[in-house]
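**Student:** This is the structure I want to talk about, given as structure tokens.
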Amino acid sequence: MSETEARMSAVDVPCDIRDPELASKGALRTEWAGRHMPVLRLIGDRFERERPLDGVRISACLHVTTETANLMLALQRGGADVCLCASNPLSTQDDVAAYLVSRGIQVHAIKGEDHETYYRHIRSALEHRPQITMDDGADLVSAIHFMALERYDDLHPVIRDWATELDPAERKSLVDGVTASTEETTTGVIRLKAMENSGVLLFPVIAVNDSKTKHFFDNRYGTGQSTIDGILRATNILLAGSTVVVAGYGWCGKGVALRAQGQGASVIVTEIDPLRALEAVMDGFRVMPMTEAATIGDVFITVTGDTHVIRGEHFKVMKDGAVVANSGHFNVEIDLDALAEIANETREIREYVMEYSLDDRKVYVLGEGRLINLAAAEGHPASVMDMSFANQSLAAEHVVKNAGELEKRVEPVPIDIDAEIARLKLQALGVQLDELTPEQREYLDSWEIGT
Ligand code: ADE
């Protein structure tokens with residue numbers, strides 16, 4: 001019997017969660033989020049009638065939040081057999097995990113879990129033998145690929161030991177059983193496109209992040225609001241009058257810069273891309289290299305998706321009291337090892353706030369350099385996750401409907417699904433559009449009419 005099977009909840013669902021007693025709190029919070037997810041609710045209602053995912057095993061590696069709970073329940077209403085593990089050790093909401101288990105959904109996630117437990121939970125999601133995987137950061141898909149390519153040394157030992165002990169036929173059937181995947185985030189899509197480009201991608205992947213109804217809203221307004229929320233909950237500092245340095249001016253960086261400015265901060269952007277840097281300048285922000293910004297900033301927020309954006313050389317010139325946070329997917333953007341090397345002492349001065357004492361100054365790192373919006377706050381508000389998870393649920397339906405037809409490529413959600421989600425969201429918000437008059441349509445369709 002595996003460890004997973006050994007731990008069953010009161011309702012006989014394999015799980016590894018903090019405390020089943022938290023389920024009633026999770027139920028109320030999930031219901032509250034659901035009120036702000038009208039598009040997902042409509043999809044769930046239709047799924048319950050049509051059962052498009054009947055019997056399909058889905059393993060999801062997502063942030064375990066109230067919004068994700070609503071997605072899991074919608075998939076379950078569609079007939080799916082769902083298993084959920086965390087896509088970040090700090091983002092799990094333990095009451096939500098308990099609630100989902102009480103609703104018969106397997107959950108393997110505990111807030112604050114260590115590295116080994118994190119990977120043991122990913123292993124449990126693999127043991128579910130998914131036909132579809134749903135990733136936020138491509139951890140499930142990359143583990144499956146390392147198994148398929150027999151690159152066991154690239155797997156965490158708890159997955160490696162299990163995978164190598166599997167009967168080879170069983171291992172092959174597990175890998176071959178995955179028919180498609182969906183990916184939630186920019187970082188994951190970049191990893192998956194790299195797999196496609198190296199010719200190793202084993203199955204079709206739907207890049208949910210590439211939907212307009214996802215990244216225009218979730219990345220910009222979701223990350224913008226929830227990152228500021230996380231920093232304020234962790235520190236309770238005043239942003240008005242402070243200098244906030246935003247590293248990266250992609251969709252997430254744009255949202256963070258906008259919201260920091262809205263709180264009265266003077267915002268500096270750092271970039272490596274000329275076009276984005278130009279956009280930041282014309283949006284009214286100062287743009288300069290990090291070496292220069294490091295000497296000026298009060299608060300630093302990384303949202304680049306790349307590694308070691310804030311390094312030893314930057315920490316050495318920061319002002320006393322500088323606060324450093326990350327809202328990019330992985331905890332690699334802030335070089336914490338370099339900071340630890342120059343620090344004489346560290347102490348947790350507040351929950352989520354680690355003080356590093358340098359010779360003559362102190363620097364504060366929030367949430368261990370992990371996604372601050374999910375570590376210290378609750379992630380993006382439900383109203384934007386409504387569109388992101390409408391994309392996820394319809395992407396799952398799309399891959400089931402088109403099984404065997406899709407190429408082994410990273411593809412966006414079909415454009416008509418993206419447009420339909422926008423239409424439904426507007427309808428839910430009570431916003432009406434104009435329609436083209438026949439004269440206007442003719443004008444747009446013709447090339448002869450010039451004046
Ligand atoms: N990613 C960012 N915010 C999130 C949320 N509230 N739920 C799930 N994933 C998220």
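**Student:** At 25 °C and a viscosity of 0.890 mPa s, what translational diffusion coefficient does Stokes-Einstein give for segment 119-273, taking Rh as the Kirkwood radius over Cα pairs? Give it in µm²/s as a whole number. Can you show the working numbers first?
**Tutor:** Values: Rh = 17.8 Å.
This corresponds to a translational diffusion coefficient of 138 µm²/s.
**Student:** Moving on to the next point. Please sort by residue number the GluC sites (Glu not before Pro) in segment 326-388 whose DSSP state is loop and whose Cβ has at most 11 other Cβ atoms within 10 Å.
**Tutor:** Loop-located and lightly packed - GLU351.
**Student:** Ok, one more. Using only the Cα atoms of segment 182-271, what do you get for the radius of gyration and for Dmax, in Å?
**Tutor:** 16.1, 51
**Student:** Give me the Kirkwood hydrodynamic radius of the chain in Å, from all C-alpha pairs, to one decimal place? Numbers along the way, then the final one.
**Tutor:** Working: mean 1/r = 0.0435 Å⁻¹.
Its Kirkwood hydrodynamic radius stands at 23.0 Å.
**Student:** When the helices in the chain are scored as -39500 (n - 2.57) per DSSP H run of 4 or longer and the sum is shared across all residues, what 222 nm value do you end up with, to the nearest 500 deg cm²/dmol?
**Tutor:** -13500 deg cm²/dmol
**Student:** Please report the relative contact order for the chain, taking Cα pairs under 8 Å with a sequence separation of at least 6, and give it as a percent rounded to a whole number. If you can, show how the numbers build up before the last one.
**Tutor:** On the way: 936 pairs, mean separation 69.5, N = 451.
It rounds to 15 percent for the chain.
**Student:** Let me ask something additional. Can you run phi through the Karplus equation (6.51, -1.76, 1.60; θ = phi - 60°) for segment 22-35 and list ³J(HN,Hα) in whole Hz, with x for Gly and Pro?
**Tutor:** 7, 4, 5, 5, x, 4, 5, 5, 5, 4, 4, 4, x, 4
**Student:** Which is farthest toward the positive dipole end of segment 43-134 among VAL101, PRO89, PRO52, measuring Cα position about the Cα centre, with Cβ charges +1 (Lys, Arg) and -1 (Asp, Glu)?
**Tutor:** Value computed over the given set: PRO52.
**Student:** Further question on the same structure: Can you list the lysines whose alpha carbon is less than 18 Å from that of LYS319, not counting same-chain residues fewer than 8 positions off?
**Tutor:** By straight Cα distance, LYS319 reaches LYS362.
**Student:** Just list whichever of LYS25/LYS408; LYS212/LYS408; LYS212/LYS316; LYS193/LYS401; LYS25/LYS214 have alpha carbons separated by over 31 Å in the model shown.
**Tutor:** Long pairs (Cα-Cα over 31 Å): LYS25/LYS408; LYS212/LYS316.
**Student:** Where does segment 148-235 land on Rg/Rh, using Cα atoms and the Kirkwood Rh?
**Tutor:** That ratio equals 1.12.
**Student:** May I pose another question? Using +1 at the Cβ of each Lys and Arg and -1 at the Cβ of each Asp and Glu in the chain, identify which of LEU75, TYR249, VAL384 lies farthest towards the dipole's positive end.
**Tutor:** VAL384
**Student:** Name the aspartates and glutamates eligible as straight-distance cross-link partners of LYS254: C-alpha to C-alpha under 13 Å, and not fewer than 8 places from it in the same chain.
**Tutor:** Filter leaves ASP218, GLU271, GLU279, ASP283.
**Student:** Still on this structure, I have one more. Explain nothing, just compute: Karplus ³J(HN,Hα) = 6.51 cos²θ - 1.76 cosθ + 1.60, θ = phi - 60°, for every residue of segment 145-157 in order, whole Hz, x for Gly and Pro.
**Tutor:** 5, 4, 5, 4, 8, 6, 9, 5, 5, 7, 8, 4, x
**Student:** List the residues whose amide H sits under 5 Å from the amide H of VAL269, counting only those 5 or more places along or on another chain, with H placed 1.01 Å from N in the peptide plane.
**Tutor:** Under 5 Å from the amide H of VAL269 lie the amide H atoms of VAL246, ARG286, VAL287, MET288, each far enough along the sequence or on another chain.
Here, each number is a calculation from the coordinates, and none is a lab measurement. Please read all numbers here as calculations on a predicted model, not as lab measurements. Note that each Cβ is placed from the backbone with ideal geometry, even for glycine, and that neighbours are counted across all protein chains shown.
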